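Written below as structure tokens is the structure these notes are about.
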Amino acid sequence: MSDAAVAQSMSMIHAKRRFFALILCVLASVPALLPAQSVDQPSGTIAVEDSAQQDAAIATRIREILAELDGYEDVTVTVSSGIVTLRGTTIDSAAVARLNEIVGRVESVVAIENEVQETTDVVRRLDPAIERFRARAEQFVNYLPLAGIAMAAFALVVLGGFALARLKRPWDRLAPNAFIADIYRQVIRIAFIVAGLVIALDILGATALLSTILGAAGIIGLAIGFAVRDTVENFIASIMLSIRQPFRPNDTVEIEGDVGMVIRLTSRATILLSFDGNHIRIPNATVFKSRIVNFSRNDERRFVIDLGVAYDTDLARAQDLALQTVAALPFVIDEPAPAVWIEALGDSAVIIKVAGWIRQHDSSYIKARSEAWRLCMDAFDRAGIVMPETTMRIVGIGTDTDTDVACSRVESEPKSASASVNAADTTAAVVEVDAAMDKELSRIVDSERAEKQADDLLQRDAPEE
């Protein structure tokens, strides 16, 4: 072999050596790059003297301890100069970590080399889980008699509460109406259910679970309350209205601009009968927050009519005539007395208001006002008091003339005393103004109330607000 071939062979050998040396350096640096694992090691002062008897005693003590614990059957223990080396397999990583805690508490242990690993044996890994399930099953079977007693106590308390809630006499007597009585019954049922649950959990020795259940129920109730806020508001308004009773059946009321006679108050809405015979259902939350005008609470009710007279009319005479006409009506009462006053100066007339009082349970409010209007207009007509029409002036563009046009209700010229019809023909008898129309509506209300009497929260004998 030539010198060149020898030199080339030597250079290749040196290159391979440098490559393997580089690989060894990289492998040696890998543990330094990995994060340090915290291992529980015993703390304290290390003794100077070394004893083989002491090492044997330490190993024996550790083996005795591990023999009493489950899961450490395959763990071997060796001790040299106080350094404990553990090898073998355990069920899981928690058992491996627990070894350091156990061995570190043994006296004279200097350090621990824990080389124990988790086992991959499926049977060995499943055995503890099967044992746990078996222990729980046995515990469940042992608890069955106690659970039966707890359930019997719960059922007995709940049945007693429901039987008490079903009684009619005490709750109907204590509550102002059926709706509040039902609320009392629901409260009694809930109270007995909670009491039965407390007794059952106390028998089982699990009263701490009750606070968790009540806390979860409170959170769920709060979430439901926010979700159904309008429904809860309507329910509370129904309770308040049923207690306060701001109106009675057949009362004529105005709520949020709706006028009608009250049919019933339910747990959800107030139902009115309009004068057209239609049902008006208003949510109780709206009723509770709204302005309620009750026209039927007082028997006396005032009606007001407007009369317009010309500006050149003797206003004192017109007022006196209107007052005498209204006061002479048979359905107008003396106390409070009728009244008359000038309300405003209109575009073409002076507006006079005339007021009279009636007993609305005996006379119809609408018919009384209509009859007062008719007779006052007839009296003005016979007395020659002009009730002028609205007048508009039309000015022609580009011309020198303008025209006055009277907008008449009946004819183009105001009616004068000479042109009026004979008073005897127009003022025969006073029209009947009894409350027949209102009584007919009351009959409809009473018939509808009789059909669904159980749903009504109103009581005629309830205390007034």
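Laboratory data are not the source of any read-out in this text; all were calculated from the coordinates shown. Fair warning: this is a prediction, and the values are worked out from it, not measured in the lab. Neighbour counts run over all protein chains shown; Cβ positions are idealised from the backbone, glycine included.
Tell me which residues come under 5 Å, amide H to amide H, from residue 112 once H is placed; ignore anything under 5 positions away on its chain.
Under 5 Å from the amide H of residue 112 lie the amide H atoms of 84, each far enough along the sequence or on another chain.
Please arrange 164, 159 by counting, for each residue, the other beta carbons lying within 10 Å of its beta carbon, fewest first.
Neighbour counts put them in this order, fewest first: 159, 164.
What are the chymotrypsin sites (Phe, Trp or Tyr not before Pro) within the range 255-329 that DSSP puts in a loop, where the Cβ has at most 16 other Cβ atoms within 10 Å?
In loop regions of the range 255-329 (DSSP not H, G, I, E or B), the sparsely surrounded chymotrypsin sites (Phe, Trp or Tyr not before Pro) are 275, 295, 311.
Under a 5 Å amide H to amide H cut-off, with H placed in plane at 1.01 Å, what residues pair with residue 270 once short-range neighbours are removed?
282, 284
Once R0 is set to 45 Å, what does the formula 1/(1 + (r/R0)^6) return for the Cβ-Cβ distance between residue 67 and residue 146, expressed as a FRET efficiency to the nearest 0.05? Display every interim value, and only then the final one.
Details: r = 36 Å, r/R0 = 0.80.
Using R0 = 45 Å, I get an efficiency of 0.80.
With r as the distance between the Cβ atoms of residue 298 and residue 343 and R0 = 22 Å, compute the FRET efficiency 1/(1 + (r/R0)^6) and round to 0.05. Walk me through the numbers on the way to the answer.
Working: r = 24 Å, r/R0 = 1.09.
The calculated FRET efficiency here is 0.35.
Quote the FRET efficiency, to the nearest 0.05, computed for residue 122 versus residue 219 with a Förster distance R0 of 25 Å and r equal to the Cβ-Cβ distance.
0.05
With 10 angstrom as the radius, rank 168, 439 by how many other C-beta atoms surround their C-beta, starting from the fewest.
Sorted ascending by nearby Cβ count, the order is 168, 439.
Kindly identify the range 127-227 as rounded, prolate or oblate by the Cα gyration tensor criterion: order the square roots of the eigenvalues as a ≥ b ≥ c, call it rounded if a/c is under 1.5, otherwise compare a/b with b/c, prolate if a/b is larger, else oblate.
oblate
Pull up all non-local amide H partners of residue 251: gap of 5 or more, or a different chain, and H-to-H distance under 5 Å with H placed in the peptide plane.
Counting only residues 5 or more places away or on other chains, the set is 262.
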